[in-house]
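Engineer: First the structure, which I've put down as structure tokens, then a few questions once you've had a look.
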Amino acid sequence: MALNLRQKQTESIIRMLNLNQPVTATGTANDEVYKILIYDRFCQNILSPLIHVKDLRKHGVTLYFLIDKDRKPVHDVPAVYFVQATKHNIDRIVADASRSLYDSFFLNFSSSVPRPLLEDLASETLKSDSIQRIAKVHDQYLEFVTLEDNLFSLGQRSSYVQLNDPSAGDREIEEIVEKIVGGLFCVLATLAVVPIIRCPRGGPAEMVAMALDQRLRDHLLSKNNLFSEGGGFMSSFQRPILCLFDRNFELSVGIQHDFRYQPLVHDILGLKLNGLSVKSEKGGMNYELNSSDPFWSANGFLEFPEVAVEIETQLNKYKRDVDEVNRKTGGAAEAEFDGADMIGNTKHLMKAVNSLPELTERKQIIDKHTNIATVLLGEIKERSLDSYAKKVNEIMSRGGIDRNELLDLLRGKGTKMDKLRFAIMYLISSENINQSEVEAMEEVLKELEINTSAFQYVKKMKSLNVSFASANSTGKGNIVNWAEKLYGQSISAVTAGVKNLLSSDRQLALTRTVEALMEGKPNPEIDSYLVLDPRAQRSSAGTSSSHLKGPFKEAIVFMIGGGNYIEYASLQELSLRQQPPKHVVYGTTEILTGEEFVEQLMLLGQKMGLGSASVSSSN
């Protein structure tokens, strides 16, 4: 597929590790050179999901260090630097060169280096008589983190707070917009595509769209532009659409609990950079969850109960295969010696030996997901998470719930953050807010010593008639009834009676809108959306000819202000549902759990002097 971001970013990194030399079909350069890799924290996060230690060794990297770590000289060896273009990093590079730490310096910046910083690098290395050690300087345009083939993050923290801060001035807003545009430009440069840009009018999405359009237009005028190779792409493929949204487009998705496997693992267990640390009775375990894990790839978007059933299915299949190997290699108990039989047994034995690595890997994957599922069940049961999700479903389907049910749930199980998230979801989801219910809810939150700043902030926003689209969820069911059977028992205990799963048959407003934008048919929901084509002559007021409105086979969907695995899962389900399947890449300024996003709402509430700012809500 043309938009395989993970593959293209990995190829760029491998080329960088090979001193930007052409790489052979085996993935290595013709001349193997041993080298040292130096990176900063941000670029470490870029490398972490894509490159393992064994990959570094394959490409001649013998040592690797953070740029801020004190390092000793290593003579006669080149150093590959992969860092952000910041004043601090330039100063460290100059210091390293002046101390002659390495024989030669191959400098790779994650985005384009501003001219003043480049001039600082040149003048300071000239002063210290070390400029001859700077072998090459490259702008890599890799300032984003790719977690899966169709999932990326710009790693820009607190962008929702920065864009919605009531005290932020025009300059601060322009800076954050420019930073987002820089990250998106890197993504498009890596893919070598110039998309058609669509977004709702007004707000951060339009600001980013207009600035990105201008950045692309300016770049396309340069002689050696990064998209010149896209000519062949243009002639054989349709261009993709880039759909920009900001978090206020559908605030509820950033707060709610979801019971699909990937979103649940991220939200409850804190999946980060494809790594997961799980604490259980047996001790702590660290797992990697990415495309190399076939179970994660195949079942990540399934509802959690379905995942448990699939684990049991895989375990039974594994046991049958092991029994089959044992049967074929064991021989008959009273069989007479037969030369032909011995040759047959030898063949079976060789086949069994060859199948052992694959069987061992399958068992490790089954054990990993069994452990993860068990810990998740413990959290669901301990915190009564199904009850919160079920009540939110009822609020959205009925427009409200009984006051006593509401308050009883808040006084029941769950962390302070679970209760705060539920209270905010009640505010967003209820069609008609009963003021006495809201006041009663606030009293309970204060009684439980829960910080109400985020609650007050959303209440204030809603009173200002800011519309928050809520997911139309019809799923019902009680997962804890199912969890009671499974927790501490065999996974086979759940195969009966799992019906009407939470989150099923739900389509997010974001997904509906993206589907409409990709179809390109007249639709009152999207007809007013901005249309920008950076390759075309600028037209008035962001409207363009009808052929720019689709249909599209490929889309990049970008959420400004924080995204999540819920939206990612929903969009991937959309792409697979289409006939023929379409291709959707999802990206965001940062990937947030429900708790992390509510903490940003809390900070905004405090900045506006709302709620009780003194009490923590994370317990």
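The values are calculated or read from the model by the stated rules, or taken from the named source; none is laboratory data. Here the structure is a predicted model, which means the values were calculated and not measured. FYI the Cβ positions are ideal-geometry reconstructions off the backbone, even for glycines, and counts take in every protein chain you see. Please note that ligands, DNA and RNA were not included when accessible areas were found on the heavy atoms of the full protein model with its side chains. Shrake-Rupley method; radii C 1.70, N 1.55, O 1.52, S 1.80 Å.
Engineer: Please give the per residue accessible area of the stretch 5-143, computed with a probe of 1.4 Å over protein heavy atoms only, in Å². List each step's numbers first, then the result.
Structural biologist: On the way: 6890 Å² over 139 residues.
Per residue, the stretch 5-143 has 50 Å² of solvent-accessible surface.
Engineer: Which of Tyr64, Ala79, Leu5 sits closest to the plus end of the dipole of the stretch 5-101, meaning its Cα is farthest towards the positive end, when Lys and Arg get +1 and Asp and Glu get -1 on the C-beta?
Structural biologist: Final value for the positive-end residue is Leu5.
Engineer: Under a crude label model (7 Å from the Cα following the beta-carbon direction), how far is Lys272 from Gln579 in nanometres?
Structural biologist: Modelled inter-label distance: 4.5 nm.
Engineer: Another question about this same structure. Say the dipole of the stretch 561-602 comes from +1 at the beta carbon of Lys and Arg and -1 at that of Asp and Glu; which of Tyr586, Gly563, Leu574 then lies farthest toward its positive end?
Structural biologist: Leu574
Engineer: For the stretch 5-143, take N as its residue count and report Rg(C-alpha) divided by 2.2 N^0.38 Å.
Structural biologist: Working it through for the stretch 5-143, the quotient is 0.99.
Engineer: Can you tell which of Leu19, Phe105, Phe42 lies farthest toward the positive end of the dipole of the stretch 5-143, using +1 and -1 charges on the Cβ of basic and acidic side chains (Lys, Arg; Asp, Glu)?
Structural biologist: Farthest along the dipole direction, towards plus: Phe42.
Engineer: Also, I was wondering about something else. So how far apart, in nm, are the two label points at His75 and Lys223 if each is 7 Å from Cα heading toward Cβ?
Structural biologist: Reported label-point gap for His75 and Lys223 is 4.2 nm.
Engineer: Could I ask something else about it? Which order, highest average first, do 285-297, 442-454, 312-324, 239-251 follow once you tally other Cβ atoms within 10 Å for each residue and take the mean per peptide?
Structural biologist: Values: 285-297: 15.8, 442-454: 18.8, 312-324: 14.2, 239-251: 24.6.
Most protected by this proxy first, the peptides run 239-251, 442-454, 285-297, 312-324.
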